[in-house]
1. Keeping all protein chains in place, calculate the accessible area per residue for the range 38-96 (probe 1.4 angstrom), answer in Å².
2. For residue 146 and residue 163, calculate 0.36 nm times their separation in residues minus their Cα-Cα distance, and state this gained length in nm to one decimal.
3. What percent of all Cα-Cα pairs in the range 110-171 falls in each 10 Å bin, counting up from 0?
4. Given points 7 Å out from each Cα along the Cα-Cβ axis, report the residue 134 to residue 56 separation in nanometres with one decimal.
5. What distance in nm separates the two pseudo spin-label positions at residue 14 and residue 40, each 7 Å out from Cα along the beta-carbon direction?
6. Kindly provide log₁₀ I(q)/I(0) values, in the same order as q = 0.22, 0.26 Å⁻¹, from the Debye equation applied to equal alpha-carbon scatterers of the range 14-92.
Amino acid sequence: MPEEGISLQHTIVAGGLSGLSEHIVMFPLDSVKTRMMSKEIGHLYPTLTSSAKKMFQEEGLWHGFYRGVWPACCSAMPAHAALFSAFEYSSKFASNYTSNQATCTAVGGAAASVVHETVSVPFDVVKQRMQACQFNTASRCVKETFAKEGIFAFYRSLPAALLIGIPAQVVHWLTYRTAKAVTGKTIEERMAADYFLCGVCNFIYYFFFFFNFCIQSS
């Protein structure tokens, strides 16, 4: 259910902006990670520090660390907005059939994952291929990938993404809701607890996401 005093519209906007800011801030590290895990060029990037140094010296800040950022930004707001709205609507819908808060949260988390992955996976394919230096522009990547592999290429990793994303989101939201219910009594305490719990839950989510990325990159 939506947080008390916060409309669904505000939740959607906040979720979209949080996704956009997350991608922009973390994209350089994501680029390094992608190259280190690439089958084609991974041997050229053995460690985090050597990879970052090589990318900066040979390609500069923008082309080295932000190649493929536009597809990520294009998917960030709609994917995260869809994630939060799907969670709120689905958990509210489930509450019509059960009073068990954990069940409602799990249903919301599963629905959120399905919507989020369906929206973001095609963009992730373009982003990762650009990060791995296979293409210089998003438009060329889309055209050549579609011409050679068809529309299926953009959704090939969707089953794997859902297989990992659904339990990840369920664990994420159950951990957050459960821990939040037992931490903090004043507004200040609850705000501090929220920030801490968001960090913990995101760590749990990205633990699952790492395996998803391995499958997508293979």
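1. Working: 3270 Å² over 59 residues.
Dividing the accessible area of the range 38-96 by its residue count gives 55 Å².
2. Working: separation 17, 0.36 × 17 = 6.12 nm, distance 2.47 nm.
Length gained between residue 146 and residue 163: 3.7 nm.
3. 23, 46, 25, 7
4. Between residue 134 and residue 56, the label points sit 2.8 nm apart.
5. Going from the residue 14 label point to the residue 40 one covers 4.2 nm.
6. The Cα Debye sum returns log10 ratios of -0.93, -1.11.
The values are calculated or read from the model by the stated rules, or taken from the named source; none is laboratory data. Remember, it's a predicted structure, so these values are computed and weren't measured experimentally. Glycine also receives a Cβ, built like all others from the backbone with ideal geometry; neighbour counts cover every protein chain displayed. Areas reflect the complete protein model, heavy atoms only, side chains present, ligands, DNA and RNA absent. Shrake-Rupley method; radii C 1.70, N 1.55, O 1.52, S 1.80 Å.
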